[in-house]
Amino acid sequence: MKRLVGMSKEILIIEDEKNLASFVSLELEHEGYNVTVEYNGRDGLAAALDKDFDLILLDIMMPDVDGLQFCHEIRNQVDCPILFITAKTQEADIVQGLSYGADDYI
């Protein structure tokens with residue numbers, strides 16, 4: 001994994017699957033990143049607006065505010081890459097995610 005260059009970087013993970021969020025968070029922290037985890041879109045939205053993050057890792061299928069809605073609402077308010085991490089792998093899902101403002105889709 002290529003490190004973000006410079007001082008310690010802040011990453012926001014928004015993922016309702018707690019085991020997956022924990023695994024990704026631990027791996028990123030092991031690599032030296034500061035990680036904030038939120039388990040739903042509403043709390044993720046508040047966190048993203050409260051702090052400057054260098055990267056947002058975002059699930060699509062979440063309760064209350066889903067990842068697409070989150071990305072659409074936040075895209076013009078944050079200046080960092082947004083990557084979808086999701087099990088939705090159909091080409092139409094990828095196109096939709098990118099059209100909502102995501103920078104990439106994994």
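The values are calculated or read from the model by the stated rules, or taken from the named source; none is laboratory data. Fair warning: this is a prediction, and the values are worked out from it, not measured in the lab. Methodologically, a virtual Cβ is constructed for each residue, glycine included, from the backbone with ideal geometry; neighbour enumeration extends over all protein chains shown. Ligands, DNA and RNA are stripped out before the accessible areas are found, and what is left, the full protein with its side chains, is counted by its heavy atoms. Shrake-Rupley method; radii C 1.70, N 1.55, O 1.52, S 1.80 Å.
Key figures for this structure:
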{"item": "Single match in Asp64, Asp43, Asp50, Asp79 (criterion: open to solvent by 40 Å² or more (accessible area, probe 1.4 Å) and either in contact with a Lys or Arg (Cβ under 9 Å, 6 or more places away or on another chain) or basic (Lys, Arg) (or both))", "result": "Asp64"}
{"item": "Residue in region 5-14 that is part of a helix (DSSP H, G or I), over 13 Å from the mean Cα position of the chain (by Cα) and either modelled with pLDDT under 95 or of a type in the set (Ser, Thr, Tyr) (or both) present", "result": "no"}
{"item": "Region 82-106, subset of a type in the set (Val, Ile, Thr) and in a helix (DSSP H, G or I), residue least open to solvent (accessible area, probe 1.4 Å)", "result": "Ile94"}
{"item": "Residues (under 16 Å from Asp66 (Cβ atoms) and either β-branched (Val, Ile, Thr) or in contact with a Lys or Arg (Cβ under 7 Å, 6 or more places away or on another chain) (or both)) located in region 85-106", "result": "Ile85, Thr86, Ile94, Gly101"}
{"item": "Which numbered condition Val78 misses (of (1) part of a loop (DSSP other than H, G, I, E, B); (2) modelled with pLDDT under 90; (3) of a type in the set (Val, Ile, Thr))", "result": "(2)"}
{"item": "Residue in region 15-34 that is nearest to His72 (Cα to Cα), counting only those that are open to solvent by 30 Å² or more (accessible area, probe 1.4 Å) and not in a helix (DSSP H, G or I)", "result": "Asp16"}
